[in-house]
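This structure is in structure tokens; I'll ask about it shortly.
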There are 2 protein chains.
Amino acid sequence: MKYEFSARAHTLLSSPLLSIRTQTRRGSMISLAEELPAEELFPLSLLAEAAATVISADASALQYGDPAGYEPLREWLADDWLRGKGVAVAEGGLLLTTGSQQAVDLLCRVYVDPGDPVLVETPTSPGFLQALRMQGAVIIPVEGDREGLLPDHLRAQILKYRPKMLFATPSFTNPSGILWSLHRRREVLELCTAHQVLIVEDDSYGDLHFQRSGESPARQYPSLYALENESEGGHVLYIGSFSKTVAPALRTGWAAGSRELIGMMTAAKQMADWQSSSLNQQVLHHLLNVSAFDLREHIATLNREYNTRLKLMAELLKRPAWKSSTYHMPAGGMFLWVSLPEGLEALALLKCALGKGVAFLPGPLCSIEGGANHIRLNFSHPGRDELLLGMNLISEAVSEFTARS
Amino acid sequence: MKYEFSARAHTLLSSPLLSIRTQTRRGSMISLAEELPAEELFPLSLLAEAAATVISADASALQYGDPAGYEPLREWLADDWLRGKGVAVAEGGLLLTTGSQQAVDLLCRVYVDPGDPVLVETPTSPGFLQALRMQGAVIIPVEGDREGLLPDHLRAQILKYRPKMLFATPSFTNPSGILWSLHRRREVLELCTAHQVLIVEDDSYGDLHFQRSGESPARQYPSLYALENESEGGHVLYIGSFSKTVAPALRTGWAAGSRELIGMMTAAKQMADWQSSSLNQQVLHHLLNVSAFDLREHIATLNREYNTRLKLMAELLKRPAWKSSTYHMPAGGMFLWVSLPEGLEALALLKCALGKGVAFLPGPLCSIEGGANHIRLNFSHPGRDELLLGMNLISEAVSEFTARS
């Protein structure tokens with residue numbers, strides 16, 4: 001049969017993301033391309049116990065659940081916010097999703113019509129770009145520096161395009177690893193509030209903050225959602241996830257915002273898949289609330305280990321192959337965003353690297369144009385040996401190219 | 001902030017489905033409105049064991065998985081089909097989803113543009129209508145009788161509207177419980193194939209076949225997908241689910257079709273939420289493949305029990321309040337589709353019934369127009385006492401209305 005796909009379905013296939021993922025799942029490929037957490041740090045035995053307990057305790061654990069998600073887990077999140085960050089979540093203002101990507105997609109579906117202008121950081125998350133393209137948004141980049149988005153450019157783009165939304169990741173932007181300064185956070189919030197631009201704040205990486213200081217990072221670098229919370233204007237939709245801090249296979253993310261916005265997203269969620277796995281949500285809740293698991297301690301362990309891996313990767317980038325490369329050393333997150341020697345294109349390098357058995361994310365996936373000479377390297381997943389081998393193979397590929405030119 | 005939702009977001013709120021669900025989850029409400037399986041028949045201890053084993057065995061069980069779903073479970077499904085129904089699934093022709101509803105939604109997103117005409121049975125599943133409305137489809141009803149869709153009307157609607165798709169549930173149509181005859185199945189497949197109309201076949205209820213005969217129901221009433229499989233034309237997208245046969249909270253459904261169609265849906269799936277819970281898929285696979293669980297035996301147990309409940313409900317419909325009601329006695333599924341006494345409207349009756357503490361699904365949710373004097377009653381979830389009490393309360397409500405008129 002000759003299929004007649006919908007007008008924007010082809011946007012889904014234009015990205016090489018799917019094929020990189022498929023390739024890296026095969027056998028011996030080393031992947032620095034994805035955003036995988038370290039498996040060896042998963043709280044396996046506590047999760048196994050939680051799952052067995054939850055299933056055995058009550059048959060209703062396996063029944064259909066609430067489209068908004070398991071209520072006690074939503075309450076746990078609201079409490080955690082109030083205690084940890086002094087932020088009060090609106091009643092009815094939380095929705096549990098299948099990871100943070102579903103929150104992004106649901107919001108796009110209820111908020112974006114084809115042709116609507118939407119602002120993104122440049123570079124930005126490939127997942128944002130995919131969801132926006134599928135919805136037919138006109139994607140407008142906003143430039144930034146090491147402190148975050150540039151307020152002057154943001155203002156200019158707002159006045160020029162009258163966008164409906166801004167997608168941003170103020171804490172460890174994917175892929176650049178930038179941590180916005182407090183001052184910049186305030187300026188962006190103020191500008192967007194003044195011009196009725198809804199901010200979608202992805203905070204999936206915010207807890208992966210390696211810097212150890214007296215004050216908690218959440219207080220030092222408050223989310224835009226927390227900053228606005230004092231005025232409760234509903235200009236920020238916050239997106240979080242347990243994928244990086246507990247385990248991805250539980251597929252539990254969430255969105256927090258005004259009751260009106262979350263209500264609409266919940267209706268879309270019900271239409272899209274009725275609800276995410278309430279079993280997984282119950283297991284998470286048991287882990288967080290009943291078992292001996294301490295999320296803050298666990299995150300501290302992750303951060304110590306990830307910081308070690310980041311330093312190793314930075315060390316390996318001092319080798320001759322990378323002598324004309326530059327990068328910003330992030331204070332957290334999962335990625336290094338590295339510029340390639342002049343004239344070397346990320347997609348050409350990727351092809352060569354895949355042939356050697358290693359993958360990374362090529363820059364062009366992270367912006368609507370440009371990024372051709374950047375690559376994103378993940379340091380959270382590979383262990384020491386894998387990281388050494390993977391970086392050796394990429395270095396080899398880089399050297400081959402630079403020797404030729 | 002004043003939100004500017006997308007043009008079709010309001011279609012999500014126009015349905016009272018969400019509020020019925022929210023109300024029936026509260027305390028003492030008896031719900032005959034939903035499509036819940038019987039909790040007391042869930043294989044709890046085997047599932048608890050499977051979950052603990054899977055999580056303890058391998059940390060990768062908790063890592064990100066394949067967007068198409070856990071491969072061994074896809075292989076199990078393909079094997080099961082080959083053995084049970086003689087049907088060969090195409091290589092790359094299976095996608096695991098978050099329940100069957102996500103398969104419906106993903107297909108709509110990659111196949112329907114606003115204004116595209118799409119055929120549905122009348123009455124049909126509220127979930128189909130929601131996904132189609134959100135996508136902006138022009139929904140065209142096709143009439144049927146107790147044997148299935150009427151070929152003459154189907155042909156007339158195809159010629160008049162040139163639709164891209166037909167949504168159908170040949171085995172125990174939601175809500176009417178109709179089981180299409182083999183002859184009618186062949187005719188519909190032939191018509192759609194001739195006119196390049198993609199058939200979306202929801203077989204979520206197909207295994208809930210109560211009739212006991214020598215031949216297996218799957219052979220006696222083959223799915224349209226199985227019927228076409230001989231020619232491999234790719235005109236049928238098959239949708240199935242473990243929600244009714246194992247447990248809904250595992251949120252595992254699937255779509256089967258041509259490699260091209262499933263490939264596009266998998267790309268949409270990755271954009272929408274990367275992947276469903278591979279942990280749940282692994283637990284299911286362990287249950288089906290390794291543990292002492294026997295799916296066929298389990299389904300036979302469900303069918304015996306559901307048949308008993310159906311008969312009890314039919315018995316209760318013999319009471320005086322229902323004397324002018326009619327319904328077709330289904331051979332399986334989860335629902336009775338009952339006409340109300342003349343002049344009695346389902347939505348008015350629902351309001352009264354909710355006041356008494358019982359819910360059902362009002363007919364208008366199951367078609368684009370009409371259905372005002374029908375209600376859908378679920379018999380699979382309530383136990384004997386709950387069923388008696390719930391039916392008493394609805395009967396009371398009906399009597400109050402008919403006494404008045």
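Every number in this text was worked out from the coordinates using simple rules, so none of it is lab data. Just so it is clear, the structure is predicted and the values come from calculations on it, not from any experiment. Every residue, glycine among them, receives a Cβ derived from its backbone with ideal geometry; neighbour counts consider all protein chains shown.
Counting pairwise Cα distances across region B:268-403, what percent come out greater than 27 angstrom? Let's see the in-between values first.
Values: 3502 of 9180 pairs.
Considering region B:268-403, 38 percent of its Cα-Cα pairs are separated by more than 27 Å.
Moving to a separate point now. If you build the Cα gyration tensor of region A:73-124 and take the root of 5 times each eigenvalue, what three semi-axes come out, in whole angstrom, biggest first?
Equivalent ellipsoid of region A:73-124: 27, 14, 11 Å, largest first.
Now a separate question. Please state, as a whole number in µm²/s, the translational diffusion coefficient that the Stokes-Einstein equation yields for region B:1-131 at 10 °C and 1.306 mPa s, with Rh defined as the Kirkwood radius across alpha carbon pairs. Can you show the working numbers first?
Numbers: Rh = 19.4 Å.
The calculation lands on 82 µm²/s.
Given the convex hull over the Cα atoms of region A:95-181, what projected area results after averaging over all orientations, in nm²? It would help to have the intermediate numbers written out before the result.
Working: hull surface 22.6 nm².
The number I arrive at for region A:95-181 is 5.6 nm².
Can you compute the helix-only [θ] at 222 nm over the protein assembly as shown? Use -39500 (n - 2.57) per DSSP H run of at least 4 residues, normalise by all residues, nearest 500 deg cm²/dmol.
Details: 30 runs with 358 residues, N = 810.
Taking each H run of at least 4 residues, the total per residue is -13500 deg cm²/dmol.
Another question, then. Assigning unit charges at the beta carbon (Lys, Arg +1; Asp, Glu -1) and nothing else, what dipole magnitude in debye, to the nearest 20, does region B:1-131 show about its Cα centre? Don't skip to the end; give the middle numbers.
Values: 9 positive and 17 negative charges, 119 e Å.
Approximately 580 debye in magnitude.
Quick check on region A:44-289: what are the equivalent-ellipsoid semi-axes from the Cα gyration tensor, as sqrt(5λ), descending, whole Å?
One finds semi-axes of 31, 21, 16 Å for region A:44-289.
OK, next. Determine the sum of side-chain charges near B:I368: Lys and Arg each +1, Asp and Glu each -1, restricted to other residues whose C-beta is under 14 angstrom from that of B:I368. Before the final figure, lay out the partial values.
Working: positive: B:R133; negative: B:E121, B:E143, B:E369.
Net of charged neighbours comes to -2.
Under a Cβ-Cβ cut-off of 9 Å, what is the net charge of the residues other than A:S243 that fall near it, where Lys and Arg count +1 and Asp and Glu count -1? Please report the intermediate quantities before stating the final value.
Numbers: positive: A:K244, A:R251; negative: A:E35.
In short, +1.
With the dipole of region B:44-289 worked out from charges on the C-beta (+1 for Lys and Arg, -1 for Asp and Glu) around the Cα centre, which of B:V200, B:I178, B:V246 lies farthest toward the positive end?
The one lying farthest along the dipole's positive direction is B:I178.
Next up: Using a 10 Å cut-off around each Cβ of peptide B:279-286, what is the average number of partner chain Cβ atoms that fall inside?
What the average comes to for B:279-286 is 3.
Quick check on my link table: of A:K244/A:K356; A:K244/A:K311; A:K160/A:K269; A:K269/B:K269; A:K356/B:K269; A:K85/B:K2, which ones sit more than 24 Å apart, alpha carbon to alpha carbon?
A:K244/A:K356; A:K160/A:K269; A:K356/B:K269; A:K85/B:K2
Let me ask another. What dipole magnitude, in Debye to the nearest 20, does region B:356-405 give about its Cα centre under +1 on Lys/Arg Cβ and -1 on Asp/Glu Cβ?
Dipole size: approximately 20 debye.
Given that compact globular proteins tend to follow 2.2 N^0.38 Å, what is the ratio of the alpha-carbon Rg of region A:219-335 to that value? Mind dumping the intermediate values first?
On the way: Rg = 19.1 Å, N = 117, 2.2 N^0.38 = 13.4 Å.
Working it through for region A:219-335, the quotient is 1.42.
Continuing with the same structure: Would you compute the Debye intensity of region A:137-205 from its alpha-carbon atoms alone, equal scatterers and no solvent, and pass along log10 I(q)/I(0) at q = 0.22 Å⁻¹ to two decimals?
The calculated log intensity ratios at q = 0.22 Å⁻¹ are -0.95.
Highest mean first, what order results for A:371-383, B:388-400, A:241-253 on Cβ atoms within 10 Å? Write out the running numbers ahead of the final one.
Details: A:371-383: 22.0, B:388-400: 19.4, A:241-253: 25.8.
So the peptides A:371-383, B:388-400, A:241-253, ranked by packing, come out A:241-253, A:371-383, B:388-400.
Mean shadow of the protein assembly as shown, computed from the convex hull of its alpha carbons, in nm²? Kindly include the intermediate steps, with their values, before the conclusion.
On the way: hull surface 134.9 nm².
Dividing the Cα hull surface by four gives the mean projection, 33.7 nm².
Taking the Cα centre as origin and putting +1 on Lys and Arg beta-carbons and -1 on Asp and Glu beta-carbons, what dipole magnitude results for region A:44-289, to the nearest 20 debye?
Numbers: 19 positive and 28 negative charges, 89 e Å.
Computed about the Cα centre, the dipole is about 420 debye.
Here is a follow-up. In whole percent, what relative contact order does chain A give with Cα contacts below 8 Å and a gap of six or more residues? Intermediate results must be reported in sequence, preceding the final value.
Numbers: 718 pairs, mean separation 97.9, N = 405.
Across chain A, relative contact order equals 24 percent.
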